[in-house]
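Q: Right, I'll just put the structure down here and ask away after.
The values are calculated or read from the model by the stated rules, or taken from the named source; none is laboratory data. This is a predicted model, so every value here is computed, not measured. Cβ sites come from the backbone with ideal geometry, for glycine too, and all protein chains shown count toward neighbours.
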Amino acid sequence: MSNRLSGFIDYITDRGLQVHSTRVRQSGQLWEKFDLTEDKRRVQHSISKSFTCMAVGLAIEEGKLSLDSRLGEFFNDNTSVNGNLEPSLDPGNITLYNLLRMSSGHDSPPLWADERASLKEKDWAKYYMSLPLDRKPGDIFTYSSGDTFMISAMLQAATGETVRDYLTPRLFKPLGIENVMWESSPLGVTLGCAGLSISNEELSIFGQLLLQYGLWEGKQIVPESWIRFVTGKQIDTKGSPDWAQGYGCQFWMSTHDAYRADGASGQLCIILPRKDAVIAVNSQEDRMQEIMDAVWTEIYPLL
């Protein structure tokens, strides 16, 4: 057992927090690690969103998309109802930027996991486009996995490749992440919002790429300007301390001048620019703020 993570391990053990794996990197090196069980590939849930965001940045750099790209440029509105909507409530007018920062205008965001599992319509983009908005996009944050699925669908329509296939030569292979499994919709659109399976070690490598603003082994594989943009606050949020710091584009802002990708059941990739550090955690635990508290109490002061 690692001495440097012993306080963290005691903290999570005493509280019954089901943390499987922890990786801490600092100054480009592995600082310490902890594995309760084998660090195998696990579904990373909404951490998948942050990978999808990297695909968007690359597609924008290649001229395939822009932040002002609208859903209506790629998908029909699909219902006669939408033809009578005022423009501000027409999902066709949702921009890529609205989707990235979770401000599409739905009170009850579509395509949550339970709905995806039971939805009879196989064309999820068609279903999303059939739902009128509750308010004008762009003003209010409402966390929406459906928004990220539509980002994935938009990128596939613009590039002719799924997000998974698009990222394979551009991101996964340069990072040494091989044979990536990523769930898809019934029509073969990479889920985007969830469903990516990687190990915690691989997640920490992704975090190191973010910390280095897209530079990897001397090559800029993601534009620095894109990472700086998407990991900065874009919209206000409410919630527990680490969920009330604001949202960027598929990234959460955190206390301690940090930002993170996170997923349900306690997957965390915390980037600490001031400490030149990355903390990656894989768990099977809904008490995510308690895991964050353990990080701030028992790991952060040691860095």
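For every residue, the table says whether it meets (1) at pLDDT 95 or above; (2) aromatic (F, W, Y); (3) closer than 23 Å to F206 by Cα; (4) surrounded by 15 or more Cβ atoms within 10 Å (Cβ to Cβ).
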position: D14; (1), (2), (3), (4): yes, no, no, no
position: L17; (1), (2), (3), (4): yes, no, no, yes
position: F34; (1), (2), (3), (4): yes, yes, yes, yes
position: V43; (1), (2), (3), (4): yes, no, yes, yes
position: C53; (1), (2), (3), (4): yes, no, yes, yes
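Q: Which pairs have Cβ atoms under 9 Å, sit 6 or more apart or on different chains, and link a residue in the stretch 27-53 that is more than 28 Å from D114 (Cβ to Cβ) to one that is part of a helix (DSSP H, G or I) and of a type in the set (G, A, S)?
A: Correct list of pairs: L30/S204; K33/S204.
Q: Moving on to the next point. Can you name every residue in the stretch 1-57 that is over 24 Å from the mean Cα position of the chain (by Cα), hydrophobic (A, V, I, L, M, F, W, C) and not in a helix (DSSP H, G or I)?
A: Scanning the stretch 1-57 gives M1, L5, W31, L36.
Q: So L111 fits all but one of (1) farther than 25 Å from D236 by Cα; (2) within 23 Å of the chain's Cα centre (by Cα); what number is the exception?
A: (1) is the only condition that L111 fails.
Q: Sticking with this one: Which helices (runs of 4 or more DSSP H) sit wholly inside the stretch 78-157 and have at least 1 residues that are buried (at least 24 other Cβ atoms within 10 Å of the Cβ)?
A: Qualifying helices (runs of 4 or more DSSP H): 96-100, 124-129.
Q: In this structure, is S199 surrounded by fewer than 23 Cβ atoms within 10 Å (Cβ to Cβ) and within 24 Å of K40 (Cα to Cα)? Steps first, answer last, please.
A: Numbers: surrounded by fewer than 23 Cβ atoms within 10 Å (Cβ to Cβ): yes; within 24 Å of K40 (Cα to Cα): yes.
So S199 passes the test.
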